[in-house]
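Only one structure is covered here, and it is reproduced in the block below.
The values are calculated or read from the model by the stated rules, or taken from the named source; none is laboratory data. Note that the structure is predicted; figures quoted are calculated from it, not measured. Here the Cβ positions follow ideal geometry from the backbone for every residue, glycine too, while neighbour counts run over all protein chains shown.
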């Protein structure tokens, strides 16, 4: 074992030791820890926003918002834990008179064990060190091994400092959260493949997510890898709204496409519509809006180089026509916002058009007919989101198209933009492969805790040996399914 | 494409067409279908039990019980659908006064799409054609492609006849359930790898389940494979109960070990205890019970050959000692019930001892100390079940051991036998790898439906376009999480 492997081994053994204690804490105790992390991050707000700004080129307003989202998320999981019903307790009481006699059977969700979380480059706070994966795993009762993203390592270290303070003030085990650095794949691979790792969380590129899955599948005992990987978030603009709201739609979507220089998983990369004069007018106006956007620095050099490469690769495809690029030149590390168009027939003939160009790039697919629009939708891979831009008349007319859209993504919305992912119980930030590795889970919202837990069934246990969640008199007053009836 | 592949392709396209209609049926409509299948099976009870008896060598009492379990399971899912809350509806209402304004966000579980189910050899009814995987997938709204097990193909065909009748009487789409035959791996692999397949259910051997996972991982778009594969179901006999209930424990466990000639995934294959005179007496009595059991025919020739081979392989391991075999000779296709013992030190030194010997074989591990018992438990792979045999004094004394057991399996029980898996809301028939491919799910009980669904989020939808489950006035009167409060 070389030095790096020895370090990973120690980290995982420490995580396992922490799990023995942390995994058994009450909801209230874990909630206090999450709240303490939020408070310690809040106390460092100014310093964090400054350092993250330097590392990511993101403006203070965005970073302040993202930091608030991060602390809000931690506190929301705290509320979930204090309420307690998330464990999905179910109780089937004994029936001695039945043949054969039925024993008392109870189940609840329990933590899987140590979880490895990879920080994401595009959200230095909300999807990184104390972000959604970490918050949900800690809420579940799983220690977290955080692999920092090298693009914002100092920010990550400072967030970890806040976590360390929370560990000390609340008295949870020292190694409940550990922070691991390391460029390249060696450390990440070793973490995913360590025998004590029980699950993995990742937000990033398709190639990154796929590599982690492969590492897991090579294990003697594969573990769940939830990777949120790739999405071009198709938006369908229906005829009536295109006709009636042309300019407004162009403004709204230019803003969504270029928000944060397009560096969102939910960036609208694909715009679909049936050919019409209104569509031409919309494309024209949207192009003008895009041309007026000032290029800004991307998160880091690598992501900018990748954008330029993917964008170039797309622009050379047969049938693609550039509608507009930002009028100003793009300088060092700046992305050039770009709008392009292609006919549906060309799109259907060339799978390359479905690839993600991560950044402020969007492709309009012009369809000759409703049938062709449906063919394009049927051809798309799994997505995080899909959007319906429509008047009430469109909604009444295009039910078949909207039904197709529902099969495509984890979230479907009407007359909204896909950017902006609310942290709440009903959110789904997930979707069919390759949007994520498993459409049955979400990485944002309260349900994201389900990735890190498994049901455990207790049969014929004396009451005093049951966890509080399953005790007969329901000391935590949580909602439980008792003999097939919901009771509190 | 050869003939078999063309057939698989047609089957999957038909399943997809069925899904377009079936996936959108109401809970009540799907419940009527499940009830009709149960009734059509019940109407064929006598013929089914006769033919299954011929194909599997299982006695009529067992087959009648299993058939009732199968119809009961279908009806239980019908109840779940009629009640409706299983979709985990969550609603976060709009908040226009917040900055930024929060849109209306709602989610519920929706079916994945066509599901391929592999019939299991050891349960011709309950884990086969209309068994748990099929019932839960149909309840979820997923069409099922059933790959019949060749060991009971005629039984499977007759069950499918019942399903066909239910399809006709209830008017669900013709191809909602399809029945596929085919020996060897070709058809199974083609089904798992077909682009329209969205999930796979399997109960069987580790090598079979692992192969299906590999097929899925080779896909451009991997799909969830839930395989229940392998378990030796460790039972710990604690000192005080061994001392006080020696003879009774021997009787109880001899029956569990040899029930159905040990052909259960929950068969207690591993018995653990700390060395004592009482343990010696228990082993002696258990051996005498096993010796008195008459060998019976196993399910089919292949499974008997495999049992003999695995048993022989185990008996040649260093340190193993045979305690007893059935006194009567085993004839054609009959299994010889066998009890063996090995010292914990030998067990720890040789991973072969942890392998499953599917059939009436059980291995006693004698441990020198409580610490050695814990070492053995820590070394075990994931299991479906683990059992604590203990007096109240044992339970008070051995909390650390019982905690270790909880980390091992999907179900832990006290003073029961692991054989006998209740179909109910609180059941977990699952467990850490390699017991199953994903410890977060169960293949028995109402939660087994979660394998075949994904959450779908509807944002900013007008009420009339929402599914009934999410409409504002809750027309189905289901339990929903509305702005973080459970409401009906």
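Kindly indicate whether residue A:137 is buried (at least 24 other Cβ atoms within 10 Å of the Cβ), within 14 Å of another protein chain (Cβ to nearest Cβ) and either modelled with pLDDT under 95 or on the phi < 0 side of the Ramachandran plot (or both).
Numbers: buried (at least 24 other Cβ atoms within 10 Å of the Cβ): yes; within 14 Å of another protein chain (Cβ to nearest Cβ): yes; either modelled with pLDDT under 95 or on the phi < 0 side of the Ramachandran plot (or both): yes.
Judged against the criteria, residue A:137 is a match.
Just to check your reading of the model, which residue among A:157, A:151, A:94, A:126 is modelled with pLDDT of 95 or more and either within 23 Å of residue A:210 (Cβ to Cβ) or surrounded by 24 or more Cβ atoms within 10 Å (Cβ to Cβ) (or both)? I'd like the intermediate steps shown before the answer.
Working: A:157 fails: either within 23 Å of residue A:210 (Cβ to Cβ) or surrounded by 24 or more Cβ atoms within 10 Å (Cβ to Cβ) (or both); A:151 fails: modelled with pLDDT of 95 or more; A:94 fails: either within 23 Å of residue A:210 (Cβ to Cβ) or surrounded by 24 or more Cβ atoms within 10 Å (Cβ to Cβ) (or both).
Only one candidate passes the filter, namely A:126.
Among the residues of the stretch A:153-169, is any touching a residue at least 24 places away in the same chain (Cβ under 8 Å) and in a loop (DSSP other than H, G, I, E, B)?
Within the stretch A:153-169 (the criterion being touching a residue at least 24 places away in the same chain (Cβ under 8 Å) and in a loop (DSSP other than H, G, I, E, B)), the answer is no, since none of the residues qualifies.
Just a yes or no: is a residue in the stretch B:412-429 closer than 14 Å to residue B:236 by Cα and more than 7 Å from chain A (Cβ to nearest Cβ)?
yes
One residue is enough: does the stretch B:435-448 have a residue meeting the conditions outside any helix (DSSP H, G or I), in contact with a helix residue (DSSP H, G or I) (Cβ under 7 Å, 6 or more places away or on another chain), crowded, with 18+ Cβ neighbours inside 10 Å and more than 9 Å from every other protein chain (Cβ to nearest Cβ)? I'd like the intermediate steps shown before the answer.
Here is the first cut: in the stretch B:435-448, the residues outside any helix (DSSP H, G or I) are B:435-445.
So of that shortlist, the ones also in contact with a helix residue (DSSP H, G or I) (Cβ under 7 Å, 6 or more places away or on another chain) come out as B:437, B:441-444.
Narrowing the set further to residues that are crowded, with 18+ Cβ neighbours inside 10 Å leaves B:437, B:441-444.
Next, only the ones that are more than 9 Å from every other protein chain (Cβ to nearest Cβ) stay: B:443-444.
Yes, that holds for at least one residue.
Does the stretch B:217-230 contain any residue that is under 22 Å from residue B:354 (Cβ atoms), at pLDDT 95 or above, in contact with a strand residue (DSSP E or B) (Cβ under 7 Å, 6 or more places away or on another chain) and in a strand (DSSP E or B)?
Within the stretch B:217-230, one or more residues are under 22 Å from residue B:354 (Cβ atoms), at pLDDT 95 or above, in contact with a strand residue (DSSP E or B) (Cβ under 7 Å, 6 or more places away or on another chain) and in a strand (DSSP E or B).
Kindly check whether there is at least one residue in the stretch A:175-194 that is surrounded by 24 or more Cβ atoms within 10 Å (Cβ to Cβ), away from chain B (no Cβ under 14 Å) and closer than 16 Å to residue A:73 by Cβ.
So far as the stretch A:175-194 goes, yes, one or more of its residues are surrounded by 24 or more Cβ atoms within 10 Å (Cβ to Cβ), away from chain B (no Cβ under 14 Å) and closer than 16 Å to residue A:73 by Cβ.
State all residues of the stretch B:470-488 that are within 32 Å of the chain's Cα centre (by Cα), surrounded by 12 or more Cβ atoms within 10 Å (Cβ to Cβ) and over 24 Å from residue A:382 (Cα atoms); if no residue qualifies, say none.
B:476, B:478, B:479, B:480, B:481, B:486
Within the stretch B:51-74, restricting attention to residues that are crowded, with 18+ Cβ neighbours inside 10 Å and closer than 13 Å to residue B:37 by Cβ, which residue is nearest to the other protein chains (Cβ to nearest Cβ)?
B:73
Limited to the stretch A:387-408, what total is found for residues that are more than 8 Å from chain B (Cβ to nearest Cβ) and touching a strand residue (DSSP E or B) at 6+ places or on another chain (Cβ under 6 Å)?
5
Looking at (1) in contact (Cβ under 8 Å) with a residue 24 or more places away in the chain; (2) over 29 Å from the mean Cα position of the chain (by Cα); (3) closer than 30 Å to residue B:393 by Cβ, which is the one condition that is false for residue A:398?
If we test residue A:398 against (1) in contact (Cβ under 8 Å) with a residue 24 or more places away in the chain; (2) over 29 Å from the mean Cα position of the chain (by Cα); (3) closer than 30 Å to residue B:393 by Cβ, just (3) comes out false.
Can you tell me which residues in the stretch B:453-471 are assigned to a helix (DSSP H, G or I), facing chain A (nearest Cβ under 10 Å) and over 15 Å from residue B:24 (Cβ atoms)?
Step one: filter the stretch B:453-471 for residues assigned to a helix (DSSP H, G or I), giving B:463-465, B:468-470.
Those still in the list that are facing chain A (nearest Cβ under 10 Å) too: B:464-465, B:470.
Hit for the stretch B:453-471 is B:464, nothing else.
Does residue B:171 count as assigned by the TED database to the domain that holds residue B:142 and crowded, with 21+ Cβ neighbours inside 10 Å?
Working: assigned by the TED database to the domain that holds residue B:142: yes; crowded, with 21+ Cβ neighbours inside 10 Å: no.
No: the conditions fail for residue B:171.
Any residue in the stretch B:235-253 that is under 30 Å from residue B:117 (Cα atoms) and at pLDDT 95 or above?
Going through the stretch B:235-253, the residues under 30 Å from residue B:117 (Cα atoms) turn out to be none.
No, that holds for no residue.
Just a yes or no: is a residue in the stretch B:369-388 surrounded by fewer than 24 Cβ atoms within 10 Å (Cβ to Cβ), assigned to a strand (DSSP E or B) and under 30 Å from the mean Cα position of the chain (by Cα)?
Scanning the stretch B:369-388, I find no residue that is surrounded by fewer than 24 Cβ atoms within 10 Å (Cβ to Cβ), assigned to a strand (DSSP E or B) and under 30 Å from the mean Cα position of the chain (by Cα), so the answer is no.
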